[in-house]
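The structure under discussion appears below in the form of structure tokens.
Read-outs: derived from the displayed coordinates by stated rules, not from any lab. Just so it is clear, the structure is predicted and the values come from calculations on it, not from any experiment. Here Cβ is always computed from backbone atoms with ideal geometry, including for glycine, and neighbour counts include all displayed protein chains.
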Amino acid sequence: MTDLLERVLKGEVKLHEIQEHCPVPKAIAIRRRAIEERQGAKLKHVSSYSIDLPAVTGRNIDSPIGAVQVPVGVAGPLKVKGEHANGEYPVFLATTEGALVASVNRGCTAINAAGGADAKVLKDEMTRAPVFKAKNVSEAVKFVDWVGGNFAKIRAEAEGESKFTKLKSITPFYIGRNVWLRFAYETGDAAGLNMVTIATQRACDWIAANQKGAKLVALSGNVCVDKKVSGLNFVLGRGKSVIAEAVLTRKALKGVLKCSAEEFVDVNYRKNLLGSVMGVSRGFNAHAANVIAATFIALGQDPAHVVDGSMAVTTAELEGNGDVYVSVTIPALCVGTLGGGTRVETQRELLDAMKVKSSKELAEVIAAAVLAGEISLIGALAEGTLAGAHARLGR
């Protein structure tokens with residue numbers, strides 16, 4: 001170990017090359033030691049973990065040195081009455097933001113008092129959109145017509161031998177002589193980012209071999225739209241498009257949230273709707289990203305997709321009997337229960353503890369948890385206790 005460490009410190013072996021010279025567990029220790037030597041730091045806590053880091057090396061992480069721990073709290077249980085989720089679920093939140101877990105827990109109490117949250121996945125499609133260049137717009141249109149006429153063959157190439165990757169549609173978009181083909185797939189219980197990338201590459205290889213009217217420029221042309229706030233995803237959806245809703249009684253509003261129905265609706269209208277319009281925001285919600293980020297980290301989802309989920313719309317309407325109908329619509333919630341970070345032991349434990357059986361069930365539970373967070377924050381603003389809660393719990 002000493003000889004190899006010295007070679008690393010001299011620059012003869014690069015950090016990512018260490019495991020070519022020794023087993024992965026030893027490479028992790030040498031890489032971490034090299035960082036400590038170079039930076040004059042001690043990585044005592046980063047080196048302490050229970051996950052099988054060698055097992056995820058090359059799959060979930062490259063050039064590992066250890067693991068970062070994030071505190072995990074639990075809210076709920078939260079009652080969900082969805083198409084796929086039906087029961088009471090613990091809501092696991094990995095966060096360093098004080099008051100977040102307590103806030104979501106209060107929202108869960110309000111929802112449970114209302115009989116639970118209804119939830120439904122409206123659409124389930126993961127997308128990849130390669131960009132092609134034609135000679136001119138006429139050739140671009142001919143190319144798109146050719147793709148439409150050969151959809152069955154393209155689908156067969158894209159799906160290959162996979163039992164879970166199913167190509168549903170190819171939607172074209174034009175700018176000048178440039179054409180984007182937005183491939184939309186069902187990916188089973190995986191979030192499916194890698195699956196659709198590999199499938200689309202197979203499709204593009206076949207397209208390139210069977211026509212000369214347009215040339216592939218890039219496998220991902222940003223019309224997917226991946227890990228960015230996007231009006232296209234807001235309208236068409238990406239991943240799971242899901243809605244969660246509940247009807248809060250006046251009694252629950254007063255007893256749990258300490259505000260009136262009218263105050264609750266007024267805050268939502270002026271903050272989440274009008275305020276978001278003034279802020280030129282793509283998200284019309286109180287803090288959906290807070291709950292999405294915390295559940296994603298706890299449950300092995302890709303945290304970069306929080307930006308997609310942040311485009312949620314929260315509504316609140318007075319019912320005729322004085323109750324309040326409240327909903328959250330999330331057009332692009334990218335989640336899975338297989339693959340990716342769900343293989344990591346700590347995240348797997350929490351997913352198993354939730355007892356979710358499918359990615360659609362998980363999406364409905366997370367949407368209901370986001371609704372709980374929205375309800376609690378709107379109530380705190382209506383009651384005027386937001387700053388006080390953070391002073392007590394967030395310092």
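Descriptive notes on the structure:
- Under the span-like rule (Cα at least 15 Å along the axis, Kyte-Doolittle mean at least 1.6), DSSP H helices of the chain: 288-299
- The calculated Kirkwood hydrodynamic radius for the stretch 130-218 is 13.2 Å, given to one decimal from all distinct C-alpha pairs.
- For the stretch 253-339, a Kirkwood hydrodynamic radius built from all Cα pairs, placed in the Stokes-Einstein relation at 37 °C and 0.692 mPa s, yields a translational diffusion coefficient of 230 µm²/s.
- Förster radius 45 Å - calculated FRET efficiency between Gln201 and Ser281 (Cβ-Cβ, nearest 0.05): 0.85
- Of all lysines in the structure, those lying under 26 Å Cα to Cα from Lys258, and not within fewer than 8 positions of it along the same chain, are Lys79, Lys81, Lys271.
- Proximal lysines relative to Lys215, as straight alpha-carbon distance under 16 Å, when same-chain residues fewer than 8 apart are discounted: Lys133, Lys135, Lys142
- Multiplying the residue separation of Lys166 and Glu12 by 0.36 nm and removing their Cα-Cα distance gives an extension gain of 50.8 nm.
- Taking every alpha-carbon pair within the chain, the share separated by more than 33 Å comes to 44 percent.
- Estimated [θ] at 222 nm from DSSP helical runs (n ≥ 4, -39500 (n - 2.57)) normalised by residues in the chain, nearest 500: -12000 deg cm²/dmol
- In the stretch 2-56, one over the average inverse separation of all distinct C-alpha pairs is 11.7 Å, which is the Kirkwood hydrodynamic radius.
- Net charge over other residues, Cβ less than 9 angstrom from the Cβ of Ala140 (K, R count +1; D, E count -1): +3
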